Amino acid sequence: MKCFDVTAMGELLIDFIQYGMSEQGNPLFEANPGGAPCNVLSMLSGLSDKVAFIGKVGDDSFGYILRDSLVEQGIDTTGLRYDNKIHTTLALVHKLDNGDRDFSFYRKPGADMCLTAEEIDEELIAGSKIFHFGSLSLTDEAVRGATMKALNVAHDNDVIVSFDPNLREPLWESLEEAKAQIDVGMKNCSIMKISDNEITWFTGIEDYDAAADYIMKNYPDIKLMMLSLGKDGSRAFYRTVKAADNSLPDLSGDIISVTVPAFIQEGTIETTGAGDTFMGSMLHHVLLYGLDGFDEEKLVTALTFANAAASIITTRKGALRVMPKSEEVEAFLRERRG
């Protein structure tokens, strides 16, 4: 009996997001609860899925704000730990002129890095249908060891593993180290979301379909891969036949690929959390259909819902506390369909 639909592990932090300038010309920042894994959980909770978080914050005011935010969003905090020496991780998110974001992290160290293998709540993971994590859990010890323990528990208990590379270059000693650890994540997951810039960086292949073929061939345990394409929407690659004995598969006829356009809005404020909203929506549909239950029609349905939810979140400040509910997404889709 699985008690939770999804348990996620990773960073829980404060995103200081820039919103305008002061009268003196200084940038103004708002402190938003954040961290990709918890953003994903918040989206899932809003879709009535039962979720839990494993991670670490500082024994400080920011840590308590984050704890209260999780409780407020219906996220179980049994696996949350507190560090009385290292402060809660902070991130400053600057908006660039071209609409992109620039991240500055205060995390050398940050409390999320200090989660140890001994602090992992094994029962939470074993009692979940899906375990989700990202590459920020692999940047440093001790959390890297904790992540590997969590993955072992998931595999031992037939828990589906979901992974988001979520590359944040400033947090790695080198891009070579980042690539090596993201490779570990890919080898340990059945579901993965990756962005357009991440897939070209990781594979060295500019053509998205060719890059996706490379990943699906070289990582035969990946059953479902979602590729986010920003304003160009999203694409899913779904493996219908698993390679025998984990040998490299012949992809001809074995992979379904579908693409769904984005929903562009004039009211977009910023894109923080859009990828996490998308990820949470897709995991919800995995829970709905089962990982082995997708076909082309269901992939289109899932991607359409996920694109709509991601579009909605771009019109709001922050992410974790303002995720759209199912009724909002469905209403949005009805309006767009006319």
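Candidates HIS94, HIS87: the one that is part of a loop (DSSP other than H, G, I, E, B) and in contact (Cβ under 8 Å) with a residue 24 or more places away in the chain is HIS87.
Just to be sure before I move on: is TYR82 under 27 Å from ALA142 (Cβ atoms), at pLDDT 95 or above and assigned to a strand (DSSP E or B) in the structure I sent? It is true that TYR82 is under 27 Å from ALA142 (Cβ atoms), at pLDDT 95 or above and assigned to a strand (DSSP E or B).
The rows are residues; the columns are (1) touching a Cys at 6+ places or on another chain (Cβ under 6 Å); (2) β-branched (Val, Ile, Thr); (3) under 29 Å from ALA111 (Cβ atoms); (4) outside any strand (DSSP E or B).
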{"site": "THR147", "(1), (2), (3), (4)": "no, yes, yes, yes"}
{"site": "PHE163", "(1), (2), (3), (4)": "yes, no, yes, no"}
{"site": "MET192", "(1), (2), (3), (4)": "no, no, yes, no"}
{"site": "ASP213", "(1), (2), (3), (4)": "no, no, no, yes"}
{"site": "ILE222", "(1), (2), (3), (4)": "no, yes, no, yes"}
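Among the conditions (1) more than 30 Å from ARG67 (Cβ to Cβ); (2) among the small types (Gly, Ala, Ser); (3) in contact with a helix residue (DSSP H, G or I) (Cβ under 8 Å, 6 or more places away or on another chain), GLY280 misses just one, which is (1). The residue that is surrounded by the fewest Cβ atoms within 10 Å (Cβ to Cβ), counting only those in region 265-282 that are part of a helix (DSSP H, G or I) and over 10 Å from the mean Cα position of the chain (by Cα), is MET282.
With respect to the stated conditions, ILE125 is part of a helix (DSSP H, G or I) and surrounded by 20 or more Cβ atoms within 10 Å (Cβ to Cβ). GLY110 meets each of the listed conditions (1) surrounded by 20 or more Cβ atoms within 10 Å (Cβ to Cβ); (2) in contact with a helix residue (DSSP H, G or I) (Cβ under 9 Å, 6 or more places away or on another chain); (3) at pLDDT 95 or above apart from (2). Select from region 143-198 the residues that are within 17 Å of the chain's Cα centre (by Cα) and at pLDDT below 95 and write down the one among them that is farthest from PHE4 (Cα to Cα). Residue satisfying both the conditions and the ranking: GLU169.
The values are calculated or read from the model by the stated rules, or taken from the named source; none is laboratory data. This one's a predicted model, so the numbers in the text were calculated from it and none came from an experiment. In this analysis, Cβ positions are derived from the backbone assuming ideal geometry, glycine residues included, and neighbour counts consider all displayed protein chains.
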